[in-house]
Structures are given as C-alpha cells and as structure tokens.
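Report on the following structure.
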Amino acid sequence: MTPSATSRIAVVTGASSGIGAATARRLAAEGYRVVVTARRKDRIEALAEEIEAAGHSAMAYQLDVTDRAAVDEFATAFKTIGVLVNNAGGALGLDPVATGDPADWRRMYETNVIGALNLTQALLPKLVASGDGTVVVVSSTAGHGTYEGGGGYVAAKHGSHVLAETLRLEIVGQPVRVVEVAPGMVRTEEFALTRFGGDEERAAKVYQGVAEPLTADDVADTIAWAVTRPAHVNIDLLVVRPRAQASNTKVHREQ
C-alpha cells in the first residue's frame, strides 16, 4: 500500500504501544494519514485497523529502525511526507556505570539515537519536498539531567537531544521544523516492564505513591499541539512532567 503523494502523511515510529500508538491516534484525528511503524506487525496492524474504523486514515508498516537497509527501502514509498515522529526507543536496566551491561547500553543507543538518525536521514528529503515538514524527536527529561542508575539511558537520550538540536542548526532556512518533546514520568503499559525485564513488582514501584503520572495520551497531546502550530512557529523543546515530579530525582509520593 503506497501512500498518496498529495496526502498529509505522518510517520510514527515505535507505534506498537504507549506514546507512539497514542500519537498515531491523535495525529490521525488531526487529519493526517498516519503510517504506523514498529517491529511487532500484529500490534501496528491492529492499531491501523482501529484508526480506520474511527473514520481516519492509517497504514501499518513493519520496520526495525536500526536496520538501515530496511529504513531506506521504506523511504522509497514516499514522494513527500509532512511529519516524522521519532518515538522508537526505550530503557534497559537501572544498573550503575560500574556494573552496567555494555550490550544494554549499545541497544539503547542503537534504538534511541541511531534509529532516529536512520529515519531522519532517509525521510529528510521527503520532508523538505513537502514544503512544510516537521521532525519530532521524542527524547526524555533523562536527556537533560542524569540520575543514579540511569547512565546508559541518560546517555542515549542525551544523544537524542543533541541530534535534534544539531539538526535544527544545520537545516535552518529549509522548510522543516525540528521539535523535541522531552517527557518526564509517563506510566505506560510497557516502559518500566521492559526496563526491568518483565519484573512487574519492580516496574510498579517506579510509580508507587504517585497519584497521577503522565499518560501516553498526555504526551501525544503535546506532540500534536507542537506539530499543528502555524508553519513559522517552531517549538524547539517542550519538557512535560506530571505535577508530582519536580525533577528526575524529586517526586512527591503519597503515603
């Protein structure tokens, strides 16, 4: 299924769950033809069907963002696109630098940074060709302030932040905006579970006592708001946290 060159197309990576899926739903509701990508084919196909059933437009494309050949092949399906949301990523472990697994660090960097680089490089010409493109990088407050046990994830998300900041400098004058959205504590169905290897008890403790962490819909709402600003308005950096979280290490927890 090849997208029409004349449609308003938004590509969302990591759309099989959480922020990616919520963002796809939200952008579809804003009138974009959403292309949802992820490795889990069944998840994104179900999401595309859900969006279509709601009266919007969507298509699913199975994609591993770290596979450059696959990304380049994916890009050939488009003449122009309006929006790229680099959301694919995630955290692994909470080990200190002294004992952290280099394989986990490498995987986080490959997914969060190289994946975003692959998609951005492959689709940037299509964004420029649209005459009004937007690149969104979903980073994290972890990319703006470190914490104990977070070295690998912080390093990866700092890489995401630097990618966005540098790209904005390098393409100024081109008809493409570069937006970074940096969420704080977001409770989704998979983020903490993935980080702790499926340990439900350990994952639950991340949010213990926090009355209202952010939801995936909260973050999707901020992404959609930034994307739908007038073309001359660039939201360089949007940091969004729950009220209960003052910083990465300062969280109010009710007894």
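Values computed for the structure shown
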read-out: Residue in the range 169-179 that is assigned to a helix (DSSP H, G or I), loosely packed, with under 14 Cβ neighbours inside 10 Å and more than 15 Å from the chain's Cα centre (by Cα) present; value: yes
read-out: Qualifying residue in the range 192-203 (condition: in contact with a strand residue (DSSP E or B) (Cβ under 9 Å, 6 or more places away or on another chain) and part of a helix (DSSP H, G or I)); value: no
read-out: Qualifying residue in the range 215-232 (condition: in contact with a Pro (Cβ under 6 Å, 6 or more places away or on another chain) and either exposed (fewer than 15 other Cβ atoms within 10 Å of the Cβ) or not in a loop (DSSP other than H, G, I, E, B) (or both)); value: yes
read-out: Any chance PRO102 is exposed (fewer than 15 other Cβ atoms within 10 Å of the Cβ) and touching a residue at least 24 places away in the same chain (Cβ under 8 Å); value: no
read-out: Members of the range 105-121 found to be surrounded by fewer than 22 Cβ atoms within 10 Å (Cβ to Cβ) and either among the β-branched types (Val, Ile, Thr) or in a loop (DSSP other than H, G, I, E, B) (or both), listed by number; value: THR111, ILE114, THR120
read-out: Answer residue from the range 233-250, given it is among the β-branched types (Val, Ile, Thr) and modelled with pLDDT of 95 or more and is most open to solvent (accessible area, probe 1.4 Å) among those; value: VAL239
read-out: Only one of VAL138, VAL179, VAL154 that is touching a Ser or Thr at 6+ places or on another chain (Cβ under 7 Å) and in contact (Cβ under 8 Å) with a residue 24 or more places away in the chain; value: VAL179
read-out: Pairs where the first residue, in the range 189-203, is hydrophobic (A, V, I, L, M, F, W, C) and the second is part of a helix (DSSP H, G or I) and at pLDDT 75 or above, C-beta under 7 Å, 6+ apart; value: PHE191/GLY18; ALA192/ALA203; LEU193/GLU200; LEU193/ALA203; PHE196/ARG202; PHE196/ALA203
read-out: Meets criteria (at pLDDT 95 or above and within 22 Å of GLY197 (Cβ to Cβ)) for ALA28; value: no
read-out: LYS157 vs. criteria buried (at least 21 other Cβ atoms within 10 Å of the Cβ) and of a type outside the set (Asp, Glu); value: yes
read-out: The range 122-168, residues that are among the hydroxyl-bearing types (Ser, Thr, Tyr), over 30 Å from ASP104 (Cα atoms) and part of a helix (DSSP H, G or I); value: SER130
read-out: Per-region count, the range 180-195, residues of a type in the set (Ser, Thr, Tyr) and either in contact with a helix residue (DSSP H, G or I) (Cβ under 7 Å, 6 or more places away or on another chain) or buried (at least 19 other Cβ atoms within 10 Å of the Cβ) (or both); value: 1
read-out: Yes/no for GLY149 being in contact with a Leu (Cβ under 9 Å, 6 or more places away or on another chain) and at positive phi; value: yes
read-out: Tally of residues being surrounded by fewer than 24 Cβ atoms within 10 Å (Cβ to Cβ) and either more than 18 Å from VAL186 (Cα to Cα) or of a type in the set (Asp, Glu) (or both) across the range 7-31; value: 5
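The values are calculated or read from the model by the stated rules, or taken from the named source; none is laboratory data. As the structure is a computational prediction, the values presented were derived from the model and not from experiment. Ideal geometry is used to build each Cβ from the backbone, glycine not excepted, and the neighbour counts take in all protein chains shown. In case anyone asks, the SASA skips ligands and DNA or RNA and just uses the protein heavy atoms, side chains included. Shrake-Rupley method; radii C 1.70, N 1.55, O 1.52, S 1.80 Å.
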